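The block underneath contains the structure these notes are about, expressed in structure tokens.
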Amino acid sequence: MASSREDKAPLTYDEMGKALALLDAEIGASELLMSVAPLRLISVGGALAVRVCHNREASYDIDCMLDPNIAGAADYLVEFETAVSQVAEAGGYTPDWLNQQVEMFVSRERRMGLFLESVQQGITIYEGANLVIYAGRLDWALERKVRRVAHARDRRRTKRVDVTDAAALVRLMRRPGEPPLSFQAIRDLNLNGFEVPPTDEAIREVADYYVQAYGEVGVADMVWDADAGKWKYQGLQDDWVWC
């Protein structure tokens, strides 16, 4: 049975690094896993917030998706899960300190493509001799977070974390001088293949928090001005800003 959140000690940046280094060593001790090393995983959620976006001090676990080629081979998958369990025992972590629940939220048809696209993005959460964990595609991570804001069951706990994570992802995705992300761009995100769009209410909540946290407009409901032939959005002073 998985541990409840109350039973877990959160993993800080350094604690995540320590646990993943132990896993790297366990992989190195496995002849079977070393035949396909370095193992590649992708991760979104708390690990991304802690080790890439730096908007959180800690997370309760590391949500990952293993290379589908490895996950599809039963003997390799069992060996990898054994290594994760050995790290949990050696380091005093909960059994699900690193879990593969991410793949439950991605349609089977999209898993390989999304995995490869995330690897090609080239943002690493951890890189060792035998193990590399890449950040999932940032737009996919954002899609997932905004959808969680829209459909969270625990409105007092989970959603607040997801709002701050989503805003941090928007900040990471935007380059200096670029216009805000549009509501429509976020509505159109469907990288997981499940056709469940986020609500405008959730997008607005992330947009409002972004202004509070970073002092600028990061997500905007764009309006097409036919006379000017340009897009525009409302700035911090409710003035129109042209794109």
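What follows draws every value from the coordinates through simple rules; no lab data is involved. Model, not experiment: these values are computed from the prediction. Because the Cβ atoms are built from the backbone with ideal geometry, glycine has one as well, and the counts that use them run over all protein chains shown.
Can you find, among A185, P68, G28, the residue farthest towards the positive end of the dipole of the chain? Put +1 on the C-beta of Lys and Arg, -1 on that of Asp and Glu.
Of the listed residues, the answer is A185.
If each residue of separation counts as 0.36 nm, what is the full-extension length gain between Q101 and A74 once their alpha-carbon separation is subtracted?
Numbers: separation 27, 0.36 × 27 = 9.72 nm, distance 1.70 nm.
Length gained between Q101 and A74: 8.0 nm.
For the range 88-243, what is the charge dipole size about the Cα centre, in debye to the nearest 20, if Lys and Arg each add +1 at the Cβ and Asp and Glu each add -1 at the Cβ?
On the way: 21 positive and 24 negative charges, 73 e Å.
Once rounded to the nearest 20, the dipole reads 360 debye.
Any idea which of A88, G122, V78 is furthest toward the positive side of the dipole for the chain, if Lys and Arg beta-carbons carry +1 and Asp and Glu beta-carbons -1?
G122
Just give me a number: lysine pairs in the chain, eight or more positions apart or cross-chain, with C-alpha atoms less than 23 Å apart.
For the chain, the number of qualifying lysine pairs is 4.
Check Q100: other-chain or 5+ apart residues with amide H under 5 Å from its amide H, H built from backbone geometry?
It is C64, by chain and number.
About its Cα centre, how strong a charge dipole does the range 5-136 have in debye, to the nearest 20, once Lys and Arg get +1 and Asp and Glu get -1 at the Cβ?
Charge dipole of the range 5-136: 420 debye, to the nearest 20.
Which loop-located trypsin sites (Lys or Arg not before Pro) does the range 168-243 contain, where loop means any DSSP state but H, G, I, E or B and the Cβ has at most 16 other Cβ atoms within 10 Å?
Nothing satisfies the criteria.
Which residue, V161, A226, S43, has the largest displacement toward the positive end of the dipole of the chain when charges sit on each Cβ (Lys, Arg +1; Asp, Glu -1)?
A226
In what sequence do L189, L98 fall when counting other Cβ within 10 Å, fewest first?
Lowest count first: L189, L98.
Helix-derived [θ] at 222 nm for the chain: sum -39500 (n - 2.57) over DSSP H runs of at least 4, divide by residue count, nearest 500?
That comes out to -13500 deg cm²/dmol.
For K230, enumerate residues with amide H under 5 Å from its amide H, sequence gap 5+ or separate chain, H modeled in the peptide plane.
Here the answer is D225, since their amide H atoms fall under 5 Å of that of K230.
In terms of modelled amide H atoms, which long-range or inter-chain residues lie less than 5 Å from the amide H of L39?
Long-range HN contacts for L39: L131, V132.
Can you work out ³J(HN,Hα) from phi for every residue in the range 44-52, in order, using Karplus 6.51 cos²θ - 1.76 cosθ + 1.60 and θ = phi - 60°, giving whole Hz and x for Gly and Pro?
10, x, x, 4, 5, 5, 7, 9, 10
For the pair D200 and E89, what calculated FRET efficiency results from E = 1/(1 + (r/R0)^6), where r is the Cβ-Cβ distance and R0 = 41 Å, to the nearest 0.05?
On the way: r = 46 Å, r/R0 = 1.13.
E between E89 and D200, to the nearest 0.05, is 0.30.
Could you size up the charge dipole of the range 61-121 around its Cα centre, putting +1 on the beta carbon of Lys and Arg and -1 on that of Asp and Glu, and report it in debye to the nearest 20?
200
Based on the Cβ-Cβ distance of W242 and N190, what FRET efficiency does E = 1/(1 + (r/R0)^6) give at R0 = 35 Å, to the nearest 0.05?
So the FRET efficiency works out to roughly 0.75.
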